[in-house]
1. For B:Cys74, B:Cys13, what's the fewest-to-most ordering of other Cβ within 10 Å of each Cβ?
2. Take A:Ser140 and A:Arg100, extend 7 Å from each Cα along the Cα→Cβ direction, and tell me the distance between the two endpoints in nm.
3. Pairs to check: A:Lys61/A:Lys136; A:Lys125/B:Lys77; A:Lys61/B:Lys77; A:Lys8/A:Lys125; A:Lys8/B:Lys77; A:Lys8/B:Lys18. Give those whose C-alpha atoms are more than 22 Å from each other in this structure.
4. Can you tell me the dipole magnitude for the protein assembly as shown around its Cα centre, using point charges on the Cβ only (Lys, Arg +1; Asp, Glu -1), in Debye to the nearest 20?
5. Mind putting a number on the dipole of segment A:9-170 about its Cα centre? Charges go on the C-beta only, +1 for Lys and Arg and -1 for Asp and Glu, and I need it in Debye to the nearest 20.
6. Counting only other chains, and only Cβ atoms inside 10 Å, what mean value do you get across the residues of B:14-27?
7. From Cα pairs below 8 angstrom and at least 6 apart in sequence, can you work out the relative contact order of chain B, rounded to a whole percent?
8. Residues in segment A:219-241, backbone N under 11 Å from the label point at A:Gln207 (7 Å along the Cα-to-beta-carbon vector): list them, ranges by number please.
Amino acid sequence: MPDLPKKKVGIVACSGEELAEGTVTRLAALQVLERLRPGDTVTICLPLFLAGGQGDRAFAKFYPTIAIDGCAERCAARATERYSGEPAASVVVTDVAAERGLGPLAGRRRLNEAGQLAVAATAEKAAALVDELLEKKGWSRRTGAFVEAAPAAFEAPAGAPASAATCACGSGIPVSTLMVDGQAVTLAALPLILEQFRAAGKALADQTARELLEAVGVYNPIPGGAEERYAAALLHEYQVFCGQEQGKGTSA
Amino acid sequence: MSPNARRVVVVPCSGIGKTYGSVSREAAYVITEELRPETTALVALSQLVLGDPAARAVVAGAPTITIDGCQLACASKMVRESGGAVAREFAVLEVYRRHRALKPRGIAELNEGGLRLAEALADEAAAVADALTADGQG
């Protein structure tokens, strides 16, 4: 199984524009992403679960994810579970405000003092959850949950490039699109898998095709009965990838 | 406008990590809170993502203005997927191209350029809302 990017925690904020609590979620998420746990966290815009691609919908399987919601409707947690995977943890601003005894939150454009305190408290709570999730072992990207026996698919080798995914508009899970039976299929994590197979010196052979299929199947559903065609398409993609990489080496 | 008349719905993008997302949201607030509070209403994108029946009914029953922060156009896509008709689709980048002097910066807090760009966008959207309201009354 290939080593994929360094373990990070996903943050999904409801961002509810109608309420001050929604503004709190957005600003708290930003605090975690940019100040409290930069490098350990990534985010995605909630609507991308529907408006984006397969890589976006794989987000909560790829990263143990904390949903930050403004109110008891829990749009972020419920939508994440419905379209991507069950969040590993959840924070609700109204609960945090009640726990801290913060007064009414107001000012969806410019938060009042209670709102600003709620931002800090929510961010602090989310950052603590990030630490807990990073400490836990055994995140399975196949099931999108922690498991007892850890499949060693998480920690990248020292010096490996970290995922560049800290942007709000896209999950940052690398995807490739290839043709299978004349249809375009988008596969999450394929670029990384190809890179690692090439680094391992895997030959263009049937055995490699089977291994590619197995690795890709960890992160993507492979339709029953289509395995051989996927394996052939993956091997072809690997051949193209190796050719391109070799070309870079020669022209450099 | 009578209290029972339908309002023009405004749906901004939910982007939290980019300046243009912040501009889209600020513009939506300027329209619905300052420029046309009586004739427009804000709907949160997260409710549409979840398929909230009330939010879906609102966008399905009224003309909608969407304001997107990037080319993924989540707001426009979600309104359409929710059964709504997008009467006018704004993209912050397009508006910025018409107002090059208003360079937006900042996410949690927009700079002066970002705030003024949001106002410019809101002015355009308010004119669209007026036209839609007039159509609805005609």
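Just so it is clear, none of the values below were taken in a lab; they were calculated from the coordinates. Here the structure is a predicted model, which is why all the values come from computation and not from measurement. Note that each Cβ is placed from the backbone with ideal geometry, even for glycine, and that neighbours are counted across all protein chains shown.
1. B:Cys74, B:Cys13
2. For A:Ser140 paired with A:Arg100, the spin-label model returns 3.7 nm.
3. Pairs exceeding 22 Å: A:Lys125/B:Lys77; A:Lys61/B:Lys77; A:Lys8/B:Lys77.
4. Computed about the Cα centre, the dipole is about 400 debye.
5. The calculated dipole for segment A:9-170 is roughly 320 debye.
6. Mean partner shielding for this stretch: 5.
7. For chain B, the relative contact order is 30 percent.
8. Answer for this model: none.
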